[in-house]
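Worksheet: the structure to be examined is printed underneath.
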Amino acid sequence: MRRLFQNNYSALGNVSFRRRASERGFTKSPLERGFRGVFYIFIILLFSSTLNAQSLQSYQQEAAQNNPELKASFNRYLSELESRPQVGSLPDPEVAFAYFISPIETRVGPQRARISVTQMFPWFGSLSEKRSVSEANAKAQFEQFQEQRNRIFYQMEMIWSDLYELGENIRIAQENLNIINTLLEVSLSRYENGLTSQVDVLRAQIEQEDLKTQIELLKDNRDLMVERFNELRNVDESSEVIIPENLSGLMEPKNKDELSLIVREQNPNLNKLRYREVASKEMVSLADRDGKPSFGIGFDYIATGERDDVANLPDNGKDAFVARASFKIPLFRNKYNAKVQQAELNLNSIQQDIISLENKLETDLLTALRDLNDAQRRFNLYDTKQIQRVEQAINIMMESYSSDASDFEEILRLQRKLLEYQLKRTQAKVDLYMANSYINYLSGVNNISEKEINY
């Protein structure tokens, strides 16, 4: 929805779901100087419809409850939580039973059967580190869920702004169509009175039909976006969606450094990598502990029969109990050394990913602030200057045309220019809204805790 007026009115119907690409040329000092000026446009949007904001929030909460992608992500988090009791427990004890087909004769009688019980123990601290790794991975998965939730909310805000822009474009196009209709009536009247040629009438009719066609395309695009919006809500595609009459949902103005700090602290993607880093550090230590011996304790019970050939034999037929200790000695060091090296390389990789993402988020934030300032400048230009000047020029020329002193083609050209500026003003307002939404997305404004989830 970010291109206007290619081939006259074609931009009216050429609504795209894509946002402004990141052309990320940025100079620090203009941002610093211009950021306070954004407050002006915030005041304009501050008086937007509260009802619409509440409607969007209710739709987002509905999506949070119903969206299958979010449910799948949350179930992956719950699944990850279940790994902690698995990895943090001792190995299962081993129980063995042996029956002597040919009993072994001993002084106190023949040994007939043996029952053995053995419990192995890993090296000290291994279990607690495994639990720590599992907890960190579970937290990382929750941050992944947060990121998907915030992304879906952001997508809904994009479509919400598209619906608003389409509604405004339809209204603007309809207003311009009314003006063209009036112009057509004037040209017909002049033609009937022999004051102009039929060409003026035909030109007005051409403009009239173009606008009608574009209005129908805009309505079709609006229906398509409603279906996409309902897809995110996971409801029937024909479910009603309240089309916003205005845009709201502003952040409190903050300076660049404050926003940068918030992004570094709250961005779910960044926090996910930090938890992965914690898990990787534990994996390095755990890999080293895997190269340590493990040990086990156990004991055996041996069932012994009585001897009949010896009278009054002390302990005749007495069963035997045997205590045992065992050790697993890791003699072949290559695999354990490789495991430690692998864990260290993985840790280094994640640390580099964190640095890379921090840099990217910083650039994205600066770009969003640049877009914020740009949207404000464009809104001010079209709202307070260009539109008023073109309207004034059209009014003057319409009066002149009625008295046969003006060029009809020039009136149509100015009318196209008025339509172009009105659309660009709406676009600037939407761009401001989306720049604000993207900053909120980067900042994790919609983050929640595990206790707030109700599935």
Cβ pairs under 7 Å, 6+ apart or interchain, first in the stretch 153-176 and on the phi < 0 side of the Ramachandran plot, second of a type in the set (D, E, K, R) and crowded, with 19+ Cβ neighbours inside 10 Å, ordered by first then second residue, are Met158/Arg19; Leu163/Arg222; Leu166/Arg222
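Out of curiosity, is Asn337 under 30 Å from Tyr421 (Cβ atoms) and polar (S, T, N, Q)? Explain how you work it out, then say what you get.
Numbers: under 30 Å from Tyr421 (Cβ atoms): no; polar (S, T, N, Q): yes.
So Asn337 fails the test.
Quick check: anything in the stretch 380-399 in contact with a Ser or Thr (Cβ under 6 Å, 6 or more places away or on another chain) and touching a residue at least 60 places away in the same chain (Cβ under 8 Å)? I'd like the intermediate steps shown before the answer.
At the first step, the residues of the stretch 380-399 found to be in contact with a Ser or Thr (Cβ under 6 Å, 6 or more places away or on another chain) are 397.
The next check asks that each one be touching a residue at least 60 places away in the same chain (Cβ under 8 Å); those that pass are none.
No.
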On the given criteria, is Ile302 within 30 Å of Val133 (Cα to Cα), in a strand (DSSP E or B), modelled with pLDDT of 85 or more and touching a strand residue (DSSP E or B) at 6+ places or on another chain (Cβ under 9 Å)?
no
For residues that are in a helix (DSSP H, G or I) and surrounded by fewer than 14 Cβ atoms within 10 Å (Cβ to Cβ), scanning just the stretch 79-94, find the one that is modelled with the highest pLDDT.
Ser79
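Is it fair to say Leu195 is part of a helix (DSSP H, G or I) and either aliphatic (A, V, I, L, M) or under 29 Å from Leu56 (Cα atoms) (or both)? Break it down stepwise before answering.
On the way: part of a helix (DSSP H, G or I): no; either aliphatic (A, V, I, L, M) or under 29 Å from Leu56 (Cα atoms) (or both): yes.
Here the answer is no, as Leu195 does not meet what is asked.
With respect to Ser187, determine if the residue is in contact with a Lys or Arg (Cβ under 6 Å, 6 or more places away or on another chain) and either in contact (Cβ under 8 Å) with a residue 24 or more places away in the chain or part of a helix (DSSP H, G or I) (or both).
Judged against the criteria, Ser187 is not a match.
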Can you confirm whether Ser356 is at pLDDT 90 or above, farther than 30 Å from Arg289 by Cβ and surrounded by fewer than 19 Cβ atoms within 10 Å (Cβ to Cβ)?
yes
Could you say whether any residue in the stretch 201-210 is part of a helix (DSSP H, G or I), under 40 Å from the mean Cα position of the chain (by Cα), among the charged types (D, E, K, R) and under 21 Å from Ile243 (Cα atoms)?
no
Among the residues of the stretch 64-120, which ones are touching a residue at least 60 places away in the same chain (Cβ under 8 Å) and of a type in the set (Phe, Trp, Tyr)?
Phe74, Tyr77
Determine whether the stretch 119-130 contains at least one residue that is surrounded by fewer than 17 Cβ atoms within 10 Å (Cβ to Cβ) and assigned to a strand (DSSP E or B).
yes
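Condition check ((1) surrounded by 12 or more Cβ atoms within 10 Å (Cβ to Cβ); (2) at pLDDT 95 or above; (3) acidic (Asp, Glu)) across all residues:
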residue	(1), (2), (3)
Phe327	no, no, no
Leu331	no, no, no
Ala338	no, no, no
Asp371	yes, no, yes
Asp374	yes, no, yes
Asn380	yes, no, no
Gln388	yes, no, no
Ile394	yes, no, no
Met398	yes, no, no
Every residue from the stretch 266-299 that is surrounded by fewer than 19 Cβ atoms within 10 Å (Cβ to Cβ) and either without any contact (Cβ under 8 Å) to a residue 24 or more places away in the chain or in a loop (DSSP other than H, G, I, E, B) (or both)
Gly291, Lys292, Pro293
Determine whether the stretch 408-427 contains at least one residue that is surrounded by 21 or more Cβ atoms within 10 Å (Cβ to Cβ), farther than 30 Å from Ser187 by Cβ, out of contact with any strand residue (DSSP E or B) (no Cβ under 7 Å at 6 or more places or on another chain) and at pLDDT 90 or above.
yes
Might you check whether a residue that is among the hydrophobic types (A, V, I, L, M, F, W, C), touching a residue at least 40 places away in the same chain (Cβ under 8 Å), closer than 17 Å to Asp364 by Cβ and touching a Lys or Arg at 6+ places or on another chain (Cβ under 8 Å) occurs anywhere in the stretch 411-429?
no
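Just to be sure before I move on: is Ser400 farther than 30 Å from Val199 by Cβ and either among the polar types (S, T, N, Q) or outside any helix (DSSP H, G or I) (or both) in the structure I sent?
On the way: farther than 30 Å from Val199 by Cβ: no; either among the polar types (S, T, N, Q) or outside any helix (DSSP H, G or I) (or both): yes.
Taking the combined requirement at face value, the residue does not satisfy it.
The values are calculated or read from the model by the stated rules, or taken from the named source; none is laboratory data. The model shown is predicted, which means the values in this text are computed figures rather than measured ones. Virtual Cβ from ideal backbone geometry, glycine too; neighbours counted across all protein chains shown.
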